[in-house]
Structures are given as C-alpha cells and as structure tokens.
Amino acid sequence: MSRFPIACALLLLACTSDPAPAAAPARKPTTGFVSNQRIVYTDGLHNENTDLIVWKNKTWLVFRGGETSQVGSPTARLKVWSSADQGDHFDLQAEIFLPDRDIRDAKFLVQGNLLTLYAISRVPGGHVRDDGGLAWTVRSESADGIHWSAPVRIYDETWGFWRYARHKGLWYATGYNDGDVKVGFFSSADGKSWQQVSLIYDSVPDVPSEAELQFFGDTAVSLVRLDNGKSLLAEGHTAICVAQPPYATWDCGRTLDNRLDGPNWFAHKGRQFVVARKHLPDQRKRTAIYELVGNLADPKATVTLNELFELKSAGDTAYVGVTPMNGDQYLVSWYSSDVPTDDIWGLAMFEPSDIWLAWVDFAKLD
C-alpha cells in the first residue's frame with residue numbers, strides 16, 4: 001500500500017516554509033450523496049481511530065495501527081499518510097509511537113506553519129471505563145508531515161483530550177478523565193500549555209467521555225457521549241451542553257436518545273452534521289451520517305437527530321475523520337471490521353479491521 005514507508009518515531013522537527021496557495025481542486029465525480037466507499041488500508045491487524053485534514057495541497061490521513069485488538073498495546077502506532085490526488089492514492093509518511101505505552105484517537109490541527117497531531121496515550125492493557133489507564137494527552141508537530149517531533153504530554157496525567165476548536169485567538173479542547181467520570185473544558189494560547197476552564201459534565205453513573213465541540217458566536221456547545229444505558233453495552237445517550245463566556249458553567253439539560261461513539265461533528269452551509277457509531281440490537285454496530293436539527297446554542301430549544309445514511313460498516317467501527325474538499329464535497333474516513341461477517345462488537349474488537357474512505361456530496365443530499 002505504501003510506496004515510501006518511513007518509520008519516523010520520535011524524529012526531530014524539520015523546518016520548511018508554506019508554498020503559495022494553489023487553485024481549488026476539481027470536483028470529484030459522485031453518484032449520489034455517498035459514493036466510492038472503499039477500503040484504503042488492510043493488513044490483517046486491528047486498524048482504527050481515523051482523522052483527515054487538507055494541508056499544503058495534500059490530503060492527510062492518520063489512524064491507529066500496529067496491534068491485533070482494541071486493547072491498549074505498546075506496539076500501537078499512529079500511521080500518517082498523504083495523498084496528492086484527493087485520496088485516490090496514499091503514501092505512508094510516518095509512524096509515531098511511544099515506547100511502553102499505547103497511543104490512539106489522533107486529531108490533526110494546523111497551528112501556524114505546522115501540522116500537529118494530538119493523541120491519547122495510556123499504559124497497556126484493558127481498562128474498564130478507562131480506569132487505571134493513566135491517560136496522557138500528547139502532542140507532536142511537523143513542518144513537512146514526514147519528520148515529527150517526539151510526542152510530549154501537554155496536561156496532567158489521567159486526562160485524555162478529545163476535540164479541539166479555535167475561538168478568538170485561543171485553542172479550546174474537551175477532555176475526559178480516567179474512570180469516565182468527568183468531561184472538562186480546557187484552553188491554551190499556544191496549543192502546548194493548557195489549563196482547565198471548567199467541568200462540562202460530572203457524573204459517575206452517566207459515564208461521560210468523548211465530547212464534541214463547536215462555537216456558535218461566543219456560545220460553546222458540546223455533545224457529550226453518555227454510556228448510561230442499562231449496561232455498558234446498551235446504547236446510552238448524548239448530552240447537549242451549552243456555556244456562555246467565561247464558560248465557567250454548562251447547561252446540559254437536553255439529551256439525545258442515541259449514543260454517538262467516536263463522533264465527528266461539523267457544519268455545512270448552516271446545517272449541522274455528525275458521523276458516528278450507530279447501535280443496533282445484539283451488539284451489532286454501524287457507522288452512520290446524521291443531521292442535527294434545531295437550535296443547539298439555545299438550551300431550551302428542541303434538537304432532533306435524523307439519520308441520513310448508513311456507511312458500509314460492521315463489528316467494531318466508527319471513529320471518524322471528516323474534511324471539506326471541493327465546495328459541497330467532503331472526504332470521510334472510518335474503520336470497520338469485516339462487513340459480510342458482521343460479528344458482534346464484543347468479538348470484533350479483537351479481530352482485524354480496515355480503514356475506509358468515501359466521498360460525501362451535499363449537493364446530492366435529497
């Protein structure tokens with residue numbers, strides 16, 4: 001799959017300058033709202049937790065690989081790929097890992113002239129509710145996407161950051177703690193030194209974790225995953241939490257009846273969409289595209305979640321990357337176990353899984 005594999009773990013930062021902006025890329029031919037669903041990486045191992053970004057006229061893909069299951073492993077690594085043809089072909093550019101620790105849930109950001117990766121690292125082994133994982137949030141940066149700095153922990157041990165947003169000259173992030181008891185709100189001026197601003201959600205029985213984040217003007221809104229069903233295998237809910245400056249307190253009075261695992265929430269032309277794991281009976285899972293309808297920034301407004309499309313997926317799946325490409329067109333990434341087999345999640349998390357891509361064209365949304 002890779003033409004130029006490079007094991008770059010813990011290489012030093014290289015310095016380059018940004019090229020002149022290029023013309024907008026041509027639109028891809030699409031056959032409907034979702035088209036060209038395909039596996040872009042498979043190696044017989046358990047690959048998962050994707051993200052996408054466009055930077056320096058290339059499309060960049062990252063995912064967790066190098067291990068045989070979802071369980072924390074010191075052989076896990078972040079595989080960084082680039083594409084010069086809008087995702088038709090990818091070249092492996094780097095592998096980033098931490099000795100003796102797991103690494104996962106990578107998120108791309110562009111900070112100045114640098115492409116940065118934030119990720120969560122825990123000690124190896126299985127951790128129910130992430131308890132005892134001793135989570136680190138780590139940051140690595142690159143000037144060319146090939147040579148990456150050593151991942152450095154950016155906040156207190158036991159907190160894993162999930163989603164990042166830029167607002168009025170500051171970086172903000174959501175994060176959840178070991179034990180999946182609290183979701184916090186954090187800020188940083190430089191992306192390297194972070195401080196906690198407030199708690200978004202604090203509840204042992206609700207099991208809060210992966211929290212999305214957007215700003216509507218100065219209003220901050222977070223979608224918080226809640227594993228608070230009858231068991232940890234049941235669907236649970238998603239809390240809609242709202243805060244006004246200085247973001248000291250949050251109103252989480254609204255909930256959705258669906259639990260959004262491994263989500264990616266984004267806006268297109270004033271409409272709100274999220275791609276996340278969908279829960280079926282008997283531990284069957286899918287990845288689906290949804291639209292959030294209603295005023296998310298108003299704590300009293302009704303919000304509904306409407307499913308638009310079910311992507312090819314099964315078993316252990318979701319943890320989605322989304323990046324805008326050409327006007328109404330987006331590239332979406334996710335991972336999935338073998339689709340025809342359709343194993344239950346409890347088995348599939350220990351089985352091979354592949355990395356998928358598809359084109360989403362909102363001009364063709366009915």
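The values are calculated or read from the model by the stated rules, or taken from the named source; none is laboratory data. Here the structure is a predicted model, which is why all the values come from computation and not from measurement. FYI the Cβ positions are ideal-geometry reconstructions off the backbone, even for glycines, and counts take in every protein chain you see.
Within the set of pairs 6+ apart or on separate chains, which have a first residue in the stretch 181-207 that is in contact (Cβ under 8 Å) with a residue 60 or more places away in the chain and farther than 15 Å from residue 166 by Cβ, a second that is surrounded by 15 or more Cβ atoms within 10 Å (Cβ to Cβ) and of a type outside the set (Asp, Glu), and C-beta atoms under 7 Å apart?
From the stretch 181-207, the pairs are 207/129; 207/226; 207/228.
Which members of the stretch 246-258 meet the condition of being out of contact with any strand residue (DSSP E or B) (no Cβ under 6 Å at 6 or more places or on another chain), closer than 14 Å to residue 222 by Cα and outside any strand (DSSP E or B)?
Within the stretch 246-258, just 249 meets the criteria.
Conditions first: (1) of a type outside the set (S, T, N, Q); (2) exposed (fewer than 15 other Cβ atoms within 10 Å of the Cβ); (3) in contact (Cβ under 8 Å) with a residue 12 or more places away in the chain; (4) over 28 Å from residue 104 (Cβ atoms). Residue 233 passes all but one, so which condition is the exception?
All conditions are met except number (4).
Here is a yes/no grid of residues against (1) farther than 30 Å from residue 36 by Cα; (2) free of Cβ contacts under 8 Å to residues at least 40 places away in the same chain:
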| residue | (1), (2) |
| --- | --- |
| 84 | no, yes |
| 90 | no, no |
| 111 | yes, no |
| 117 | no, no |
| 124 | yes, no |
| 129 | yes, no |
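Which of the residues that make up the stretch 272-325 are among the β-branched types (Val, Ile, Thr), outside any loop (DSSP other than H, G, I, E, B) and surrounded by 15 or more Cβ atoms within 10 Å (Cβ to Cβ)?
274, 275, 287, 289, 317, 320, 322, 323, listed by residue number.
Against the condition surrounded by 18 or more Cβ atoms within 10 Å (Cβ to Cβ), under 15 Å from residue 271 (Cα atoms) and not charged (D, E, K, R), how does residue 360 come out, does it pass?
For residue 360, the condition - surrounded by 18 or more Cβ atoms within 10 Å (Cβ to Cβ), under 15 Å from residue 271 (Cα atoms) and not charged (D, E, K, R) - is met.
Can you name every residue in the stretch 130-149 that is among the hydrophobic types (A, V, I, L, M, F, W, C) and either closer than 20 Å to residue 84 by Cα or assigned to a strand (DSSP E or B) (or both)?
136, 138, 143, 146, 148
If a residue has to be in contact with a His (Cβ under 9 Å, 6 or more places away or on another chain) and either basic (Lys, Arg) or not in a loop (DSSP other than H, G, I, E, B) (or both) to count, how many in the stretch 48-92 make the cut?
Summing the residues that are in contact with a His (Cβ under 9 Å, 6 or more places away or on another chain) and either basic (Lys, Arg) or not in a loop (DSSP other than H, G, I, E, B) (or both) in the stretch 48-92 gives 4.
Within the stretch 206-230, how many residues turn out to be modelled with pLDDT under 95 and loosely packed, with under 14 Cβ neighbours inside 10 Å?
Number satisfying all stated conditions: 1.
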